[in-house]
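J.: Questions regarding the structure given below will be posed in turn.
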Amino acid sequence: NEVTATFMLGYLLEARKTGDGLGTITSSPAGINCGSICQATFARGSQVLLTATASPGSSFSAWVSGCTRVDGAVCTIALDQAASATAEFDTNWLYLPYTGDD
């Protein structure tokens with residue numbers, strides 16, 4: 001009998017959120033869906049796209065760290081080591097005009 005084992009070396013990528021707003025971060029290739037899954041291991045040398053999506057009542061502000069390249073809400077990371085990226089979400093505050101009526 002013959003047994004073959006394949007070991008894939010990879011790096012851990014962690015998605016982080018900051019700010020007073022709410023949102024999710026998803027990855028392509030799949031693995032991160034933060035909300036619930038905020039880290040995953042990807043093959044060494046791969047490029048991972050992280051996409052930030054604001055929840056209702058919030059807005060995506062910026063990628064504040066960790067990206068190799070940023071295009072709007074999409075952060076590209078070239079994994080040559082363990083990495084993390086942080087997205088900032090802000091709360092959309094509604095300002096109603098003061099009418100003088102109580």
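The values are calculated or read from the model by the stated rules, or taken from the named source; none is laboratory data. Model, not experiment: these values are computed from the prediction. Methodologically, a virtual Cβ is constructed for each residue, glycine included, from the backbone with ideal geometry; neighbour enumeration extends over all protein chains shown. These accessible areas exclude ligands, DNA and RNA; they are computed on the full protein's heavy atoms, side chains included. Shrake-Rupley method; radii C 1.70, N 1.55, O 1.52, S 1.80 Å.
J.: Are there any pairs with C-beta distances below 6 angstrom linking a residue in the range 24-46 that is under 19 Å from ALA73 (Cα atoms) to a residue that is surrounded by fewer than 15 Cβ atoms within 10 Å (Cβ to Cβ) and not aliphatic (A, V, I, L, M), with the two at least 6 apart or on different chains, and if so which?
T.: Cβ pairs passing all conditions: THR24/GLY35; THR24/THR53; THR26/ASN33.
J.: Which one of GLY45, GLY10, GLY23 is among the small types (Gly, Ala, Ser), closer than 25 Å to TRP93 by Cβ and open to solvent by less than 80 Å² (accessible area, probe 1.4 Å)?
T.: Details: GLY45 fails: closer than 25 Å to TRP93 by Cβ; GLY10 fails: closer than 25 Å to TRP93 by Cβ.
Only one candidate passes the filter, namely GLY23.
J.: Those residues that are under 10 Å from the mean Cα position of the chain (by Cα) and surrounded by fewer than 19 Cβ atoms within 10 Å (Cβ to Cβ), I need them from the range 26-42; list them, please.
T.: Residues satisfying the conditions are THR26, ASN33, GLY35, CYS38, GLN39.
Condition check ((1) modelled with pLDDT of 95 or more; (2) within 11 Å of the chain's Cα centre (by Cα); (3) loosely packed, with under 14 Cβ neighbours inside 10 Å) across all residues:
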residue: GLY57; (1), (2), (3): no, no, yes
residue: GLY66; (1), (2), (3): no, yes, no
residue: ARG69; (1), (2), (3): yes, no, yes
residue: ALA73; (1), (2), (3): yes, yes, no
residue: ASP80; (1), (2), (3): no, no, yes
residue: ALA87; (1), (2), (3): yes, yes, no
residue: LEU94; (1), (2), (3): no, no, yes
residue: ASP101; (1), (2), (3): no, no, yes
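J.: Tally up the residues in the range 66-96 that are closer than 18 Å to THR18 by Cβ and touching a residue at least 60 places away in the same chain (Cβ under 8 Å), please.
T.: Final tally of qualifying residues: 11.
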